[in-house]
2 protein chains.
Amino acid sequence: MQHSPFRLDSQIVSEYSHSISKTIWIALNSLFKQDKMHIKLKDVALKSGYSVTTVSRALAGYSDVNEQTRLHIVEVATRLGYQPNLVARQLRIRRTQTIGLIIPVRDQSFSNEFFTQFLIGIGDAASRARYDLLVSAQAPGEEEMSAYRRIVSGNRVDGIILARTRRNDPRIAYLRAQNYPFVAFGRGAPGEPADFPFIDVDGQAGIRLLVEHFVARGHRHIGLILPPEEMVFTVYRHAGYRDGLAGAGVSSAPAGNRTKTRNAIVKSDVRTLEQRTCWPPLRRAEHAPRRLTSRHDGLTLES
Amino acid sequence: MQHSPFRLDSQIVSEYSHSISKTIWIALNSLFKQDKMHIKLKDVALKSGYSVTTVSRALAGYSDVNEQTRLHIVEVATRLGYQPNLVARQLRIRRTQTIGLIIPVRDQSFSNEFFTQFLIGIGDAASRARYDLLVSAQAPGEEEMSAYRRIVSGNRVDGIILARTRRNDPRIAYLRAQNYPFVAFGRGAPGEPADFPFIDVDGQAGIRLLVEHFVARGHRHIGLILPPEEMVFTVYRHAGYRDGLAGAGVSSAPAGNRTKTRNAIVKSDVRTLEQRTCWPPLRRAEHAPRRLTSRHDGLTLES
DNA sequence: TTGTAAGCGTTATCAA
DNA sequence: TTGATAACGCTTACAA
């Protein structure tokens, strides 16, 4: 390894980012005090000569307001630069139009590209429905649970997305006990109750296919690198691995004999996307399953 | 390249994640309706026999409430599992205790590890102060601007963090026009006004050091891979590159002759972290600069 | 078609 | 040390 003062390692990046973000937070903190004067419904009402009620309904596009009136009110509102105070609206309609996502963090990192994409995907779907995303990144443990508690009981979000189910997941237990709307990405561990809303891919079948692929090419020593067994998908992947080996009459490789199959693992998930499981069952049209076909030298999703 | 049905590429990961997240959103959407019955201040007041006012103050830890009373109220509140409705509080105190972070997305990805770490870092600092993070990932453009507008004018956040300043940045122009609290990570482009709050590293010095390092080792053809010039830090890095070459009496490499220096670039930022710039100036103690020293074969930050 | 008034769950003011 | 009462800015019965 070349000794260079410029070499990069992930710890450096981590400390760098943390240092920067900490400084930014401090700087931002000192700016909060400002009291922003905002145009409110009342102001529009005063300027336009109508009541707050009418203005509210005109802007909301209700049909029971005169077209002339509506145009006038809209004109005044845009001229004044009116924007509704969402917090007030939230309080009134008892919906926050926000969903919570608490990303499980390991080793100061999301550990892979997945959560990045996941975040973008969820954010995208949400913002189409004018929903916002409340994000928190927490390592599994007490801090994480209190993040859940705060968000849930503080009524900050309408629902929560829970990623990477764990064995005897305390988060699921909590959300169920609170009867709080949530959807998990990942099913329950074998033997545990599975009657909560979730989406999952069939990682067991995926890994089995993968092992069969290697076996078909003549390999007999096939290793598998797995994340901690605490995570449920690990259990299923492991099972798929044993399925594949057993089916081929091959015994498990000794512990020391490992192949790095990380990429293939994710890819195998993709391969089995079609066999996606969820509960409660969604109508097929709703969750828009995609067919998988071979294209180029990889698999591609088709709608 | 080996043709395997299990090969992974980033487009697959992207479509995979999007498919999953879309399904999750749909599933979650169908659960929103539920009306969660929550314990409120009034309930605690009724059970404890005190008024809403007193309960509120007891729970907030005000000094003007009898110790006996406080203990009793706290006891009742915890027994009932009371948690304040944060939205109501937000409306009343006119603070959302939330900060906004709109991550600029390119090519369906954050493009590097940085934003991941950044997100964790900010989230960490924020949650210590009981702040939450409203995150949106948007590609530069109109959608991005409307995300800013919605968040800003809807009063959803107390302040915004703006990452990766661009030349003639419309986001900065907007936030300044609205007089909205924000801090940028990245300074203004050369020649542009720089009187907005920002934090930045000295990328120009960093790249210069890097070039000098190569030159000292006898290299004469040194290339530099740069992100689009639209981003301000690119401009400074480019300048640092020219500085380094000019100082060594070496002319720029022809366009075709490139070395991949991505990692080194980030590392050079770390190296110059100490020369961090910001405006308005923070007191030294506040932004807790860290000294850089050589450790192992890389640079490490020390507090 | 429009307006009055109540209320969402807090915190803050002021009087008791 | 406590409690009425009035906001915060919006939506929505209900009445006019």
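Output the qualifying pairs, or none if there are none: Cβ atoms under 7 angstrom, residues six or more apart or on different chains, first residue in region A:36-55 and in contact (Cβ under 8 Å) with a residue 40 or more places away in the chain, second residue part of a helix (DSSP H, G or I) and near DNA strand D (Cβ under 9 Å from one of its atoms).
Listed by first residue and then by second, the contacts come to A:L41/A:V52; A:L41/A:V55; A:L41/A:S56.
Answer yes or no as to whether A:I103 is touching a residue at least 24 places away in the same chain (Cβ under 8 Å) and closer than 22 Å to B:L133 by Cα.
Working: touching a residue at least 24 places away in the same chain (Cβ under 8 Å): yes; closer than 22 Å to B:L133 by Cα: yes.
Judged against the criteria, A:I103 is a match.
Working only within region B:171-200, note down all residues that are assigned to a loop (DSSP other than H, G, I, E, B) and either basic (K, R) or facing chain A (nearest Cβ under 9 Å) (or both).
So the first thing to find is which residues in region B:171-200 are assigned to a loop (DSSP other than H, G, I, E, B), and the list is B:178-181, B:186-197.
Within region B:171-200, B:Q178, B:N179, B:Y180, B:P181, B:R187, B:P197 meet the criteria.
For residues that are within 15 Å of B:D132 (Cβ to Cβ) and in contact (Cβ under 8 Å) with a residue 60 or more places away in the chain, scanning just region A:113-160, find the one that is farthest from DNA strand C (Cβ to nearest atom).
A:I160
Listed here are the residues, each with its yes/no results for (1) without any contact (Cβ under 8 Å) to a residue 40 or more places away in the chain; (2) within 29 Å of A:D132 (Cα to Cα).
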site	(1), (2)
B:I172	yes, yes
B:A189	no, no
B:D195	no, no
B:I199	no, yes
B:G206	no, no
B:R217	yes, no
B:R220	yes, no
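Restrict the check to region A:93-101 and report whether at least one residue is more than 29 Å from B:D124 (Cβ to Cβ) and either at the interface with chain B (Cβ under 7 Å from one of its Cβ atoms) or modelled with pLDDT of 85 or more (or both). Break it down stepwise before answering.
Applying the first criterion (more than 29 Å from B:D124 (Cβ to Cβ)) to region A:93-101 yields A:93-94.
Cutting the leftovers down to either at the interface with chain B (Cβ under 7 Å from one of its Cβ atoms) or modelled with pLDDT of 85 or more (or both) gives us A:93-94.
Yes, region A:93-101 contains a residue that is more than 29 Å from B:D124 (Cβ to Cβ) and either at the interface with chain B (Cβ under 7 Å from one of its Cβ atoms) or modelled with pLDDT of 85 or more (or both).
Among the residues of region A:24-63, how many are within 14 Å of another protein chain (Cβ to nearest Cβ), under 33 Å from the mean Cα position of the chain (by Cα) and within 13 Å of DNA strand C (Cβ to nearest atom)?
Total meeting the criteria: 1.
Is it the case that some residue within region A:268-281 is among the small types (G, A, S) and modelled with pLDDT of 80 or more?
Looking through region A:268-281, none of the residues is among the small types (G, A, S) and modelled with pLDDT of 80 or more.
Conditions tested, residue by residue: (1) in contact with a Leu (Cβ under 9 Å, 6 or more places away or on another chain); (2) under 27 Å from A:D158 (Cβ atoms); (3) among the charged types (D, E, K, R); (4) near DNA strand D (Cβ under 7 Å from one of its atoms).
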| position | (1), (2), (3), (4) |
| --- | --- |
| B:N29 | no, yes, no, no |
| B:F32 | no, yes, no, no |
| B:H38 | no, yes, no, no |
| B:D43 | yes, yes, yes, no |
| B:L46 | no, no, no, no |
| B:S51 | no, no, no, yes |
| B:T54 | no, no, no, yes |
| B:L59 | yes, yes, no, no |
| B:D64 | no, no, yes, yes |
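Please find, within region B:64-84, the residue that is nearest to A:I93 (Cα to Cα) out of those that are facing chain A (nearest Cβ under 10 Å) and either crowded, with 19+ Cβ neighbours inside 10 Å or more than 8 Å from DNA strand C (Cβ to nearest atom) (or both).
From region B:64-84, those facing chain A (nearest Cβ under 10 Å) are B:81-84; that's our starting set.
Within this subset, residues satisfying the condition of being either crowded, with 19+ Cβ neighbours inside 10 Å or more than 8 Å from DNA strand C (Cβ to nearest atom) (or both) are B:81-82.
On the way: B:G81: 23, B:Y82: 21 Å.
The residue in question is B:Y82.
Can you spot a residue in region B:129-145 that is within 24 Å of A:I39 (Cβ to Cβ), facing chain A (nearest Cβ under 8 Å), buried (at least 23 other Cβ atoms within 10 Å of the Cβ) and in contact with a Leu (Cβ under 8 Å, 6 or more places away or on another chain)?
Yes, region B:129-145 has at least one match.
The values are calculated or read from the model by the stated rules, or taken from the named source; none is laboratory data. Quantities reported herein were computed from a predicted structural model and do not represent experimental measurements. For neighbour counting, all protein chains shown are included, and Cβ atoms are generated from backbone atoms with ideal geometry for every residue, glycine included.
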